[in-house]
Amino acid sequence: MKKFFMLASLFILSALLLTGCGGGGSEQPKAAQEKVIVVGLQAEPATLDPHQMQDYNSTRSGRSIFNSLVEFKDESTEVEPGLATSWDISPDGLEYVFHLREGVTFHDGTPFNAEAVKFSIDRQIDPNHPYHDTGIYSYADFTFGMVKSVDVVDEKTVKITLKEKFAPFLANLAMHSACIVSPEAVKQFGKDFSKNPVGTGPYKFISWNPGVEVILEKNTEYWGDKAKIDKVIFKPIIEDQARLTELEAGNVDFIVNILPDDLGRLKSDAKFTIIEQPGMHVWYTALNCTQKPFDNVKVRQAVNYAINKESIVKNILKDTGVIAESPLPPVVWGHTTEGKQYEHNPELAKQLLAEAGYPEGFEVTYWVPESGSGMQQPVAMATAIQSDLAKVGIKVKIQTLEWTTYLDKVFIPADKSEMQMHQMSWMGDNGDPDNFLYILLSGEQWPQAGFNDAFYKNEKVDELLRKARVLANQEERAPLYQEAQKLIMEDSPWVVVDHENQIVAMNPRVKGFKLHPTGMFRFEKADIE
């Protein structure tokens, strides 16, 4: 993410690999060519340890190195067998017994077994585990906070006991944070496991040259269907225009975050394939509810009224997303539009500021990433917000930060945070409202236990979210989530702006690629002509 790769080095790499796709092919017979796809990411991965991943660039780069006990089906958040071939759930919903797949080995040759499952979970949730200190596990409480114990029944059977019933538990087990890692690799590399990942997945890790590329290679010993593409190379290219230029020049084969102004042109050009679909995404500006002036709900509401969200979506994003009416995307069940809505109303914003004791407005620093997963057009959107807020007396200083530095500054405990307001986006991990409303807005999920980066807390919201987690019936859970959304929109800890469509552009020689609702890239399912 920090440096653009040099075209010359890519040409040399292509020649050495006899690549069958991307910047110029080889003259060798097609059967002898190695199939390589080069992917232009928005930023550098922060880690390749699945238990520490918390952003798109990391999960998109590293998820296919690993498997989990259950996996999401293609184009769905319905689960299917993964490293577990079957499972039994006790009548009280507290015990899950998983029967593990035979004959699976990690990429380092060590066996996959029940001990590896126990290691992968205990490492995250047990502070006394000998390898707990090899990482920071921001998803651990959300994914496994309800786990009471993990017990090895025998080599190929593991039992997970919960403290209480938890409706989304199986869906959580398909998430990246529930991937099974090689215990021996963690023991060997310690904290550097994040740079030397070892799993059981369809691709295995080859190298990571920071700022340049991550290279994965097909796992020829994979237990499932073997990948058709031999190598996947992920390159961080921060600037959207530079990423597009590299695609047009044939130096990368696949890009994300296409500039809205360029999308129509690409769609009409046969040299490119565009795939687009609604996403489980929300883009928002978080307001620090623990610090003045945003500890006052009238100030937060004033900011919401001051910002012209329709203009941002129409004029900057060119309708590549839909205006958000709730933190929960419309494609996720439980979504409601019945919460308080904030139409653009600068006069009402000024009135609320005066009532809150800020008739002349105030000064505030707005943290913005240079680029980042799901962040759309962060600087342009921030500039529009800055202009809107200036019209009601709020003087905004924009401070831009590199993506990984940005995440490190945002997701820290409230008593150490210097954040006043900042941008963030979220893409759902499992298709459940719990994965938006609880992990992002529960008072129990303040960093670093979770991702409530507004440090928002409402006891009634917390009660609704806790109750919804333990009910098994979706029809019973949905009204609780809808009531929580109404309270959240009234409290306005965020300025919710839009829900982005998933959009990727690729070389038409890439065949069979399908978008997944979680935003993960499954190149093991694709091929190259």
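Quick notes on this one:
- Taken over region 267-291, the criterion of being among the hydroxyl-bearing types (Ser, Thr, Tyr) and in a strand (DSSP E or B) is satisfied by Thr273, Tyr284, Thr285.
- Of the residues Ile412, Ile439, the single one that is open to solvent by 10 Å² or more (accessible area, probe 1.4 Å) and within 22 Å of Cys289 (Cβ to Cβ) is Ile412.
- One residue stands out among those in region 253-287 that are among the small types (Gly, Ala, Ser) and open to solvent by less than 20 Å² (accessible area, probe 1.4 Å): the one that is modelled with the lowest pLDDT, which is Gly279.
- Within region 305-316, not a single residue is farther than 26 Å from Thr337 by Cβ and either among the small types (Gly, Ala, Ser) or exposed (fewer than 15 other Cβ atoms within 10 Å of the Cβ) (or both).
- Taken together, the criteria exclude Met421 from residues that are in contact with a strand residue (DSSP E or B) (Cβ under 6 Å, 6 or more places away or on another chain), hydrophobic (A, V, I, L, M, F, W, C), under 30 Å from Asp230 (Cα atoms) and touching a residue at least 40 places away in the same chain (Cβ under 8 Å).
- Residues in region 23-44 that are part of a loop (DSSP other than H, G, I, E, B) and either open to solvent by less than 10 Å² (accessible area, probe 1.4 Å) or at pLDDT 95 or above (or both): Lys35, Gln42, Ala43.
- Candidate set: region 468-477, residues that are assigned to a helix (DSSP H, G or I) and more than 12 Å from Leu437 (Cβ to Cβ); chosen: the one least open to solvent (accessible area, probe 1.4 Å): Val470
- Put simply, of Lys195, Lys156 the only residue that is of a type in the set (Lys, Arg), open to solvent by less than 40 Å² (accessible area, probe 1.4 Å) and either over 23 Å from the mean Cα position of the chain (by Cα) or at pLDDT 95 or above (or both) is Lys156.
- Qualifying residue in region 71-79 (condition: of a type in the set (Val, Ile, Thr), in contact with a Leu (Cβ under 7 Å, 6 or more places away or on another chain), under 27 Å from Glu164 (Cα atoms) and modelled with pLDDT of 95 or more): yes
- Per-region count, region 312-328, residues in a helix (DSSP H, G or I) and in contact with a Pro (Cβ under 9 Å, 6 or more places away or on another chain): 1
- Test: residue in region 446-456 that is among the small types (Gly, Ala, Ser), under 17 Å from Asp141 (Cβ atoms), in a loop (DSSP other than H, G, I, E, B) and touching a residue at least 24 places away in the same chain (Cβ under 8 Å): yes
- Listed by first and then second residue, the pairs with beta-carbon distance under 8 Å, at least 6 apart or on different chains, first residue in region 339-356 and assigned to a helix (DSSP H, G or I), second aromatic (Phe, Trp, Tyr), are Pro346/Tyr305; Leu348/Tyr305; Ala349/Tyr305; Leu352/Tyr305.
- Residue match in region 318-329 (condition: more than 24 Å from Glu483 (Cβ to Cβ), open to solvent by 20 Å² or more (accessible area, probe 1.4 Å) and not basic (Lys, Arg)): yes
Residues checked against (1) out of contact with any Asp or Glu (no Cβ under 7 Å at 6 or more places or on another chain); (2) in a helix (DSSP H, G or I):
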residue	(1), (2)
Met424	no, no
Asn430	yes, no
Phe436	yes, yes
Tyr481	yes, yes
Glu490	yes, yes
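- Neighbours by Cβ (under 7 Å, 6+ apart or cross-chain): first from region 492-517, of a type in the set (Gly, Ala, Ser); second open to solvent by less than 10 Å² (accessible area, probe 1.4 Å) and part of a strand (DSSP E or B): Ala505/Ile255
- Region 390-409, subset β-branched (Val, Ile, Thr) and either modelled with pLDDT of 95 or more or on the phi > 0 side of the Ramachandran plot (or both), residue most open to solvent (accessible area, probe 1.4 Å): Thr400
The values are calculated or read from the model by the stated rules, or taken from the named source; none is laboratory data. The structure presented is a predicted model; accordingly, all values stated were derived computationally and were not measured. Here Cβ is always computed from backbone atoms with ideal geometry, including for glycine, and neighbour counts include all displayed protein chains. In case anyone asks, the SASA skips ligands and DNA or RNA and just uses the protein heavy atoms, side chains included. Shrake-Rupley method; radii C 1.70, N 1.55, O 1.52, S 1.80 Å.
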